[in-house]
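Structure first, then comments.
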Ligand code: XMP
């Protein structure tokens with residue numbers, strides 16, 4: 001219904017979330033998407049031009065196929081988007097003397113504008129710009145000012161609007177009202193996007209596409225592939241076979257938990273491949289984190305391909321690609337760091353060609369979680385912290401062995417269980433333990449010990465690009481450390497990592 005053309009703003013995904021929260025379906029497309037492609041969207045109700053780091057007056061400035069601006073749908077330009085509209089319709093944009101960054105008061109000029117219905121004459125908004133509009137195009141009027149800039153413009157004849165501030169950010173106190181005005185009063189969007197509908201539609205789509213054929217899916221135990229398994233499983237039952245590769249680098253009892261979650265709730269085939277020994281063999285002697293990542297990734301593909309060859313009748317391969325992966329890999333934002341999971345089984349050999357099914361590729365992470373809950377996956381499987389593709393392979397520092405993994409699994413189980421028991425798990429973004437390649441001297445009872453050190457880490461973050469360590473209560477940490485040292489043989493010292501990111505990363509390797 002609503003298309004967002006993305007110029008690389010850090011807030012583009014947030015904008016899309018806000019719109020979907022209003023029950024309106026939206027997609028984010030790269031700014032240079034062609035007019036022909038956009039015309040294929042038959043239910044198009046509005047176009048939003050996002051913010052972005054470029055400057056419209058530069059020679060190689062990001063721009064759009066200008067025919068798009070003639071489409072008979074309302075248009076909203078946000079920040080860079082407003083500047084692009086200004087430039088296009090004959091106004092002027094220049095570098096401002098002073099950047100406007102942070103909270104600003106929007107002072108409305110035109111209280112009758114539909115965009116600002118029920119918005120106060122003065123309201124706090126969030127600005128983040130260095131360029132500003134210095135001359136409004138002919139046929140446009142100024143709808144509001146910021147502290148040092150023209151903050152909102154509108155075409156007199158057409159439903160075309162520009163706002164310099166970011167209405168999608170919660171610091172824009174009435175931003176939600178403005179976005180809803182645009183969606184419902186100006187663009188006449190319908191509230192027909194809901195996850196229940198999504199599930200129903202996807203199930204029908206999958207049934208129609210697959211017919212009586214077979215689908216295989218690489219199940220990792222992570223949220224995304226689990227939800228895809230549940231969704232496809234509900235649609236086609238035993239025509240789905242999940243290949244679950246136990247790398248030996250999973251959390252304690254994770255293999256059993258994954259198997260049980262499906263056995264109890266879903267009528268699908270799951271085949272578990274115990275490949276731990278293969279992985280440990282390949283990891284022998286490797287110390288460098290990137291070498292280990294590569295070895296684990298390659299090994300995973302080899303095992304998966306071997307397993308997939310057992311399913312000669314499968315025509316489809318399902319994958320848990322989600323929307324942020326799609327946006328990141330096509331985004332104009334060069335700054336976005338793409339983390340490749342080794343579970344992405346691209347590059348399969350020629351004799352194993354499948355048609356892809358990616359039913360959640362248009363969902364955000366929290367929407368994926370809601371779909372999972374709706375489909376009956378257990379809550380503890382859905383609310384999990386992220387777990388890196390290479391698993392404990394990058395949490396056992398330097399050389400990875402089965403013995404070290406077993407020690408780390410026990411420590412991790414205690415830390416995570418205690419976080420859950422004491423209500424911290426849901427309040428932190430990611431928590432885990434790391435086994436260091438260091439032995440230290442300790443004393444237990446009357447005996448000298450010489451054992452391994454583990455590091456505990458808990459971080460809070462919004463996007464995993466930056467993070468701060470969680471201020472867990474001292475008493476809690478004290479008691480977790482006690483439990484670890486008393487129960488896990490081979491560990492006699494525990495440290496808590498308080499480094500933020502940057503300069504540290506979240507994982508130690
Ligand atoms: P870093 O350590 O880079 O981690 O601050 C950011 C987030 O990414 C996860 N991570 C990975 N995920 N394969 C993955 O699938 C990897 O190789 C990998 N390395 C880090 C990490 O757990 C954190 O959530």
Using alpha carbons only: equivalent-ellipsoid semi-axes of region 195-382, gyration tensor based, whole Å | 26, 20, 18
Order of 263, 410 under a 10 Å beta carbon neighbour criterion, fewest first | 263, 410
With the convex hull built on the alpha-carbon atoms of region 398-496, volume per residue in Å³ sits at 109
Contact order normalised by residue count of the chain, Cα under 8 Å, 6+ apart, percent = 11
Ranked packing of 6-17, 382-393, most packed first, by mean Cβ within 10 Å = 6-17, 382-393
For region 2-186, what number results from the quotient of the Cα radius of gyration and 2.2 N^0.38 Å?
-> 0.93
Between residue 156 and residue 374, 0.36 nm times their residue separation minus their Cα-Cα distance comes to what?
-> 73.9 nm
So how far apart, in nm, are the two label points at residue 209 and residue 34 if each is 7 Å from Cα heading toward Cβ?
-> 2.3
What's the exposure ranking of 132, 171, going from fewest to most Cβ atoms within 10 Å?
-> 171, 132
Residue order, fewest to most surrounding Cβ atoms within 10 angstrom, among 470, 134, 434 = 134, 470, 434
Where does region 80-213 land on Rg/Rh, using Cα atoms and the Kirkwood Rh?
-> 1.15
Report the far tail of the P(r) of region 21-90, meaning the percent of Cα-Cα pairs longer than 14 Å.
-> 61
Could you tell me the convex hull volume per residue, in Å³, taken over the Cα atoms of the chain?
-> 172
Residue-averaged 222 nm ellipticity for the chain, from DSSP H runs of 4+ at -39500 (n - 2.57), nearest 500 = -9500 deg cm²/dmol
Want the number for residue 450 to residue 501: 0.36 nm per residue separation, take away the alpha-carbon distance, what's left?
-> 15.2 nm
FRET efficiency for residue 306 and residue 70, Cβ-Cβ distance as r, R0 = 56 Å, nearest 0.05?
-> 0.55
Normalise the Cα radius of gyration of region 364-406 by 2.2 N^0.38 Å (N = residues in it) and let me know the number.
-> 1.62
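Throughout, read-outs are computed from the coordinates displayed, never taken from laboratory work. Computed from a predicted model, the values in this text were never measured in an experiment. Note that we place each Cβ from the backbone using ideal geometry, even for glycine, and neighbour counts take in every protein chain shown.
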